[in-house]
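Heads up, the thing below is written out as structure tokens.
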Ligand SMILES: C[S@@+](CC[C@H](N)C(=O)[O-])C[C@H]1O[C@@H](n2cnc3c(N)ncnc32)[C@H](O)[C@@H]1O
């Protein structure tokens, strides 16, 4: 995700804080997190349906993620971490760009919600993901995306970059009904690993 830098001013007049609950009972959630959103920003400062689905997947499989090094990079995330009193190391990452920071990353899990939306950027994204997967044996890329035009391009790029699909789920298949009822679309969750 493109980094807006630690010291960039937030445009407060368009800023809202949304709360996201986890657990089967929406009235008595087991866990809740606050997210800063800003409607004036492009893309990154809005909670997209794909991120709600990916967050639910992470919640339901939370033991798997416990203590793991995870990549889901956001500039805004520093403020979200402060807001939720979480200690996280947050850094920027641009797909297809090999600056020094990427070489030190050895994630066990790479998370990307709604990062497969602009087909001209797919190759750069897969290049970065493949590098990270190679740099960290046994790691996995988990992403959710709107399946607007079938899987053909994604399948083609997985073959091209030596990757394989480990799991493919309908994003609505594991959502509690109180979340599914406010979302729409054909959203898929895929787990991708190295084909070796
Ligand atoms: C649709 S938003 C999804 C944001 C968030 N993951 C969510 O689900 O709410 C797509 C994100 O991809 C990021 N992005 C687009 N092109 C990028 C690139 N070349 N390198 C890094 N991030 C990029 C954008 O900055 C944006 O945050």
| query | If you check residue 45 against the conditions, is it in a loop (DSSP other than H, G, I, E, B), within 16 Å of the ligand (Cβ to nearest atom) and either surrounded by 16 or more Cβ atoms within 10 Å (Cβ to Cβ) or at pLDDT 95 or above (or both)? | reply | yes
| Scanning for something surrounded by 15 or more Cβ atoms within 10 Å (Cβ to Cβ), within 15 Å of residue 113 (Cβ to Cβ), within 9 Å of the ligand (Cβ to nearest atom) and without any contact (Cβ under 8 Å) to a residue 60 or more places away in the chain, does segment 70-78 turn up at least one residue? | no
| note | By residue number, the members of segment 53-69 that are surrounded by fewer than 15 Cβ atoms within 10 Å (Cβ to Cβ) and touching a strand residue (DSSP E or B) at 6+ places or on another chain (Cβ under 6 Å) are 68
| request: Out of 132, 93, 86, report the one residue that is away from the ligand (no atom under 15 Å from the Cβ) and either farther than 22 Å from residue 38 by Cα or in contact with a helix residue (DSSP H, G or I) (Cβ under 9 Å, 6 or more places away or on another chain) (or both). | output: 86
| message | I'd like the full set of residues that are touching a residue at least 40 places away in the same chain (Cβ under 8 Å) and exposed (fewer than 14 other Cβ atoms within 10 Å of the Cβ), limited to segment 116-136. | response | 134
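Which of the helices (runs of 4 or more DSSP H) contained wholly in segment 94-196 include at least 3 residues that are under 22 Å from residue 20 (Cα atoms)? Walk me through how you get there before you give the answer.
Details: elements: 100-103, 122-135, 152-160, 177-180.
Once the helices (runs of 4 or more DSSP H) in segment 94-196 are filtered for at least 3 residues that are under 22 Å from residue 20 (Cα atoms), what remains is 177-180.
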| Which numbered condition residue 99 fails, given (1) surrounded by 11 or more Cβ atoms within 10 Å (Cβ to Cβ); (2) free of Cβ contacts under 8 Å to residues at least 40 places away in the same chain; (3) within 16 Å of the ligand (Cβ to nearest atom) | (1)
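The values are calculated or read from the model by the stated rules, or taken from the named source; none is laboratory data. If you're wondering where the values come from, they're calculated on a predicted model, not measured in any experiment. Note: ideal-geometry Cβ built from the backbone for every residue, glycine included; neighbour counts use all protein chains shown.
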